[in-house]
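Since the structure comes first, as structure tokens, the remarks are kept for the end.
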Amino acid sequence: MKKFLISVAVAALALPAFAQNTPARVAVIDVQKVLTQSTAGKAAYEKLKKVQDERVEKAKQMDEDMRKLDTEITTKRISLSEDKLTDLQKQLADKRIAIQRYAQDADREIGEARDRELQALEARIKPIIDGIGKEMGLAAIFNKFESGLVYASDAIDITDTVIKRFNEAAPAAAAAATKK
């Protein structure tokens, strides 16, 4: 029993020495920069912008239709019959509700599309980040601005390396997808 306790004590004392021999290297990555400067990130942004621009254009058209109807009601109010005026006001109210619903639906659709694009990008970039971490012998890689990090030296920022490797991997992934 005495030998066992001595062995445990020696092992416990050796652990801190072992831990000190393998430095815990860390790095940070600016995910926003990867999304805005990588080829795939730019393509995803353009795709989302196109969807958003289409929704905005349709909303503008709906708003213009509502304004025309409102102008018609205002200018012809005196000459319209009560029934016709009531009908036009109901149409105007229906258009307002339709615009509100459309705006909510468009916001939801754009949010869902953004989430899908980000998940797809994350699935493609995660193996690259993992590979760089293993190559560099890193113990951890933190999201520079979403990890609670207050300060990080530029020396541990691997963002540019990740962007470079991601851009290099993007054509290979696109070629593999077209061969399927």
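How large is the convex hull of the C-alpha atoms of the stretch 23-174 per residue, in Å³?
Numbers: hull volume 21.5 nm³, N = 152.
Each residue corresponds to 142 Å³ of Cα convex hull volume.
For a footprinting-style exposure proxy, rank Ile158, Ile163 by other Cβ within 10 Å, fewest first.
Details: Ile158 19, Ile163 23.
Ascending number of Cβ neighbours within 10 Å: Ile158, Ile163.
For Ala27, what residues show an amide H to amide H distance below 5 Å, using hydrogens built from the backbone and excluding near sequence neighbours?
Amide H neighbours of Ala27: Ala140, Ile141, Phe142.
So if I take the centroid of the Cα atoms in the stretch 107-121 and the same for the stretch 50-96, what is the distance between those two points in Å?
First find each Cα centre; the distance between them is then 32 Å.
Relative contact order for the stretch 23-174: what percent, with Cα pairs under 8 Å and sequence separation of 6 or more?
56
Hey, fewest Cβ within 10 Å first, where do Val162, Val26, Val150 land in order? All intermediate terms of the calculation are to be shown ahead of the outcome.
On the way: Val162 24, Val26 14, Val150 5.
So the residues, fewest neighbours to most, are Val150, Val26, Val162.
So if I place +1 on the C-beta of Lys and Arg and -1 on the C-beta of Asp and Glu, and nothing else carries charge, what would the dipole magnitude of the stretch 23-174 be about its Cα centre? I want it in debye, nearest 20.
Working: 27 positive and 28 negative charges, 19 e Å.
The calculation lands at about 100 debye.
Full-extension gain between Met136 and Ala98, please, as 0.36 nm times their residue separation minus the C-alpha to C-alpha distance. Please report the intermediate quantities before stating the final value.
Details: separation 38, 0.36 × 38 = 13.68 nm, distance 5.50 nm.
Roughly 8.2 nm would be gained on extension.
What translational diffusion coefficient, to the nearest whole µm²/s, does the stretch 20-105 have by Stokes-Einstein, given a Kirkwood radius computed over alpha-carbon pairs, a temperature of 20 °C and 1.002 mPa s viscosity? Don't skip to the answer; put the middle values down first.
Values: Rh = 17.3 Å.
Calculated translational D: 124 µm²/s.
Kindly put Thr39, Thr159, Thr71 in sequence by how many other C-beta atoms sit within 10 Å of each C-beta, fewest to most.
On the way: Thr39 15, Thr159 19, Thr71 10.
With the fewest neighbours first, Thr39, Thr159, Thr71 line up as Thr71, Thr39, Thr159.
Among Lys58/Lys126; Lys134/Lys164; Lys58/Lys84, which pairs are too far apart, with a Cα-Cα distance over 25 Å?
Lys58/Lys126; Lys58/Lys84, as the Cα separations exceed 25 Å there.
Could you name the aspartates and glutamates in cross-link range of Lys33, using Cα to Cα under 19 Å and dropping any fewer than eight places away on the same chain?
Result set, ordered by chain and number: Glu46, Asp115, Glu117, Glu122, Asp130, Glu146, Asp154, Asp157, Asp160, Glu168.
Rule-based calculations on the coordinates, nothing more; no lab input. Treat the numbers as computed from the prediction; the structure is a model and nothing was measured. Ideal geometry is used to build each Cβ from the backbone, glycine not excepted, and the neighbour counts take in all protein chains shown.
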